[in-house]
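Visitor: Quick one: the structure is below, and I'll ask about it shortly.
Every number in this text was worked out from the coordinates using simple rules, so none of it is lab data. Just so we're clear, the structure is a prediction, and the values are computed from it rather than from any experiment. So basically every Cβ, Gly included, is an ideal-geometry build from the backbone, and we count neighbours across all protein chains shown.
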Amino acid sequence: MQPASEVVQRAADLRAELARHNHAYYVLDAPSIPDAEYDRLFRELQALENDFPCLLTADSPTQRVGAAPLKAFPALSHGQAMLSLNNAFAASEVDAFDQRVRDGLDTLSTVDYAVEPKFDGLAISLTYEDGIFVRGATRGDGATGEEVTPNLRTLRCLPLRLQGSGWPSRLEVRGEVLMFKADFERLNARQRAQGDKAFVNPRNAAAGSLRQLDSRITARRPLSFFAYGLGLGATAVDVRTQGEMLDRLASWGFPVAAERRVVTGAAGLLDYFADIAALRSRLPYDIDGVVYKVNRLDWQETLGFVSRAPRFAIAHKFPAEEALTVVLGIDVQVGRTGAMTPVARLQPVFVGGVTLTNATLHNEDEVRRKDVRVGDTVIVRRAGDVIPEVVAIVADKRPMRDLLGCEPVHDPFELPKICPECGATVTRGEDEAIARCSGGLFCPAQRKQALLHFAARRAMDIEGLGDKLVDQLVDAGLVHTPADLYALTVDTLAGLERMGEKSAQNLVAAIEQSKTTTLGRFIFALGIRNVGEATARDLAKHFGQIDALLAADLEALQAVPDVGPVVAVSLRTFLQQTHNRDVIAALQQAGVHWPAPAPGAPLPAQVLAGLTLVLTGTLPSLKRDAAKAMIEAAGGKVAGSVSKKTAYVVAGEEAGSKLEKAMELKVPVLDEAGLIELLQQGENT
């Protein structure tokens, strides 16, 4: 039965009215009606939606109560990467940041900065479509996070429908989910009264509450939210400064920091830091520093990004929390890339809201510089999410062999020469701080990373062999080295979790197809440190066959163009390992092969030597990787953008802005046939 028009209107009015009261109560901290009246309006809307389910909308206040448990959190890719911030801990680092900004903008004048507290919570991204909240996710690795949409809907301070105007059709809002100190204390009191475990600190409580598989539990937790920026869609918002952006977020119904300001120059930044530090204990929520951002958005764009952090922003952190404890032992952990990291095993100590039992010593040089030894009393530091570290020893507490204090009980730490996981040689480059295990193809600690690299699209291109499947294969003991992949059967794979018969058949087919490859791809797939795609191709061209590469000494390796001493040592060390050579032989025995060069065959004609080409659009028959390989085999380079230095632009269907740029700069444009004709000129000379 369809509701009458007046019922439809009443439901819409109730939704709008309840949204206004939620905003007044949770965002402005200024309740506009008594709780009893709010409850009456809420129940009226709930009754209408129960009687007429068609009235229920995604932005209804009644949808904040939680839903049935999820089986797992699905992955959600962010429309625009969620970048982290570089940190400053001292005034001199803030001065240096300000100087870098002015240098980057080529200005001698002072710069205005938007500043605000750095919330100690969980970063999230909220996606709105046509003003309606549709999904949200945690930061994750910056590119992909956990989708927690049902849980986010339970936050009463989060607008399910944007207020006002000026927002684009699709918009990502970035912010922090946290728990106020008073709410945290009440939650812990309730936990204890119920006989449940109390939370350690507000941040852990917020993170744990947002990651509940049952959103009804999240709905009972007192979570709050503050917005601090925009992701996808930001350029469509008509604002010129970071400060205006925060004001616009507030006008749309988002809570933003009341303590935000715009200040001028490094002096203004440091004054703000001092003010917030003095105010910190009186704030209703935890913060671990302040954030500085260049205020003008066009200047932010000019400054751009470095690595995974913006050049226009920095986090000025408060002094880290520290404590004393005793080193019980020093272990060595082998990372996924073979990095050898000394780790101090500690007498348990409570620091920064958690109990620490381990702390990183970073690398061999750091251990020696700090002279950390077993039995030492040390200062350990934990700052936010940073891995706990040993800061320094307390020298006068070091245990001695005798009362004269002549010799310490324990000898200085030495990094092992042999990997504790696999027995391979541990190597360290002349200019490198980190030592690494050289058993990349067989070391248990590196096994998963080695397999993923081996199967990557630009290596052996085994479609369907992703992280989760590699985890299963390794954890089940089915695969120890890349060579074991070629012994997998459909029956074996079909027995794995979430692997049906069809998926197993597809993967076995992809593995079989990967047996036919090129020597360059095969060398790259081995995952030799410092050997990228281009170097692997150069090695393949130079040596022609794997046996010649295996037999090459350092002098022969350095005869290859662009292979210097560092790369040569990496290659020789890797290829000298018996276990690595065994895996290479096993791969060949399994059928992995590539075209053998004809005796005395010349290198491919370098018709494009010194030229840069740009590929754009979809070519009729050539895949992008194949076209790139052909260009590079002819000595050319493939760039991602068009400039005056571009020799040719190769354009297919839906070429877009790169083609327009080429025409603007009068760069010659080729289609696929033109590219092939150009390459064939070298074959005919």
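Visitor: So what is the calculated 222 nm ellipticity per residue for the chain, using -39500 (n - 2.57) for each DSSP H run with n of 4 or more, over all residues, to the nearest 500 deg cm²/dmol?
Guide: Counting only the DSSP helices, I get -10500 deg cm²/dmol.
Visitor: Multiply the residue separation of M400 and S92 by 0.36 nm, subtract the distance between their alpha-carbon atoms, and state the gained length in nm to one decimal.
Guide: Here the segment from M400 to S92 would lengthen by 107.0 nm.
Visitor: Given a Förster radius of 60 Å and the C-beta distance between I379 and A4 as r, what FRET efficiency does 1/(1 + (r/R0)^6) yield to the nearest 0.05?
Guide: Efficiency computed from Cβ-Cβ geometry: 0.25.
Visitor: Also, quick follow-up: Dipole of the range 534-658, Cα-centred, from +1 at each Lys and Arg C-beta and -1 at each Asp and Glu C-beta, to the nearest 20 debye?
Guide: 420 debye
Visitor: While we're looking at this one, here's another question. What percent does the relative contact order of the chain come to when contacts are Cα pairs within less than 8 Å and at least six residues apart?
Guide: 9 percent
Visitor: Around I330, with a cut-off of 15 angstrom between Cβ atoms, what is the net charge of the other residues, counting Lys and Arg +1 and Asp and Glu -1?
Guide: Every neighbour counted, the sum reads -3.
Visitor: Further question on the same structure: Ignoring the sites themselves, what is the longest stretch of the chain with no GluC sites (Glu not before Pro) in a DSSP loop and at most 16 other beta-carbon atoms within 10 Å?
Guide: Formally, the longest exposed-site-free interval is 1-258.
Visitor: Right, next: Place a point 7 Å from the Cα of N204 along the Cα-to-Cβ direction; which residues of the range 284-308 have their backbone N under 18 Å from it?
Guide: Residues 286-288 qualify, since their backbone N sits under 18 Å from the label point.
Visitor: What's the extension gain from L283 to K417 if we count 0.36 nm per residue and subtract their Cα-Cα distance?
Guide: Length gained, L283 through K417: 43.1 nm.
Visitor: Where nothing but the Cβ of Lys and Arg (+1) and of Asp and Glu (-1) is charged, how large is the charge dipole of the chain around its Cα centre, in debye to the nearest 20?
Guide: Charge dipole of the chain: 640 debye, to the nearest 20.
Visitor: Given the options G265, T235, A277, identify the residue whose Cα lies farthest towards the positive end of the charge dipole of the range 87-317 (+1 on Cβ of Lys, Arg; -1 on Cβ of Asp, Glu).
Guide: A277
Visitor: To the nearest 0.05, what FRET efficiency results for I132 and T107 with a Förster distance of 30 Å applied to their C-beta separation?
Guide: Plugging the Cβ-Cβ distance into 1/(1 + (r/R0)^6) gives 0.10.
Visitor: OK, next. Give the span of the range 440-602's Cα atoms along each principal axis, as three whole-Å numbers ordered largest to smallest.
Guide: Computed over the range 440-602, the largest-to-smallest principal extents equal 50, 34, 23 Å.
Visitor: In what sequence do H593, H23, H316 fall when counting other Cβ within 10 Å, fewest first? Don't skip to the answer; put the middle values down first.
Guide: Working: H593 13, H23 19, H316 25.
Ranked by crowding around the Cβ, least crowded first: H593, H23, H316.
Visitor: In nanometres, what is the gap between the two model label sites at A339 and D365, each 7 Å from Cα along Cα-to-Cβ?
Guide: Computed distance between label sites A339 and D365 equals 1.4 nm.
Visitor: Need one number: nm distance between label points at R261 and S84, each 7 Å from Cα along Cα→Cβ, rounded to one decimal.
Guide: 2.9 nm
Visitor: Can you classify the range 187-292 as rounded, prolate or oblate using the Cα gyration tensor, where a ≥ b ≥ c are the square roots of its eigenvalues, rounded means a/c under 1.5, and otherwise it's prolate if a/b beats b/c and oblate if not? Could the numbers behind the result be given before it?
Guide: On the way: a/c = 3.25, a/b = 1.55, b/c = 2.10.
Note, shape of the range 187-292 comes out oblate.
Visitor: Using a Förster distance of 60 angstrom, determine the FRET efficiency expected from the C-beta separation of E244 and T516, and round it to 0.05.
Guide: Computed FRET efficiency for E244 and T516: 0.55.
Visitor: Sticking with this structure for a sec: Go through [x] 28.3; [y] 26.5; [z] 30.0 and flag the label whose value is the computed Kirkwood radius over Cα pairs in Å for this structure.
Guide: [z]
Visitor: Size of the dipole of the range 321-397 about the Cα centre, Lys and Arg at +1 and Asp and Glu at -1 on the beta carbon, nothing else charged, in debye to 20?
Guide: Here the range 321-397 has a charge dipole of around 120 debye.
Visitor: Still on this model: Which of I511, V290, A58 sits farthest toward the positive end of the charge dipole of the chain, with +1 on the Cβ of Lys and Arg and -1 on the Cβ of Asp and Glu?
Guide: Looking along the dipole axis, the top candidate is A58.
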